[in-house]
1. Restricting the range 45-69 to residues that are exposed (fewer than 11 other Cβ atoms within 10 Å of the Cβ) and among the aliphatic types (A, V, I, L, M), which is farthest from Gly3 (Cα to Cα)?
2. How do the pairs read when you match residues in the range 55-69 that are more than 17 Å from Asp41 (Cβ to Cβ) with residues anywhere that are outside any helix (DSSP H, G or I) and of a type in the set (Phe, Trp, Tyr), using Cβ under 8 Å and keeping only pairs 6 or more apart or on different chains?
3. Hey, does the range 4-18 have a residue that's within 12 Å of the chain's Cα centre (by Cα), surrounded by fewer than 11 Cβ atoms within 10 Å (Cβ to Cβ) and not β-branched (Val, Ile, Thr)?
4. Given the conditions (1) loosely packed, with under 10 Cβ neighbours inside 10 Å; (2) over 15 Å from Arg2 (Cβ atoms); (3) modelled with pLDDT under 85, report the number of the one that Ala26 does not fulfil.
Amino acid sequence: MRGLLPALSASNDISDAISATGTLVAPTSIYPFLIALRAQDRPLIVVTSSSRSAEDLVTELRVLHENVY
């Protein structure tokens, strides 16, 4: 899965979206990838709607990024 991150970051639209400050709106299936790309430059706090969705997101992010707590 980490192999997809360089391909996604090569897209100008995705690079512009993750470099902008503020809220990022995207389909839920791409959240882990966008969060991992954005977190390469700076630490993030991610808020989810439930503890279950937080646990799912953490599991997915751990595959993509080494510093997930």
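The values are calculated or read from the model by the stated rules, or taken from the named source; none is laboratory data. Not measured: the values here are computed from a predicted model. Neighbour counts run over all protein chains shown; Cβ positions are idealised from the backbone, glycine included.
1. Taking the candidates together, the pick is Val47.
2. Correct list of pairs: empty, since none qualify.
3. no
4. Among (1) loosely packed, with under 10 Cβ neighbours inside 10 Å; (2) over 15 Å from Arg2 (Cβ atoms); (3) modelled with pLDDT under 85, Ala26 violates only (1).
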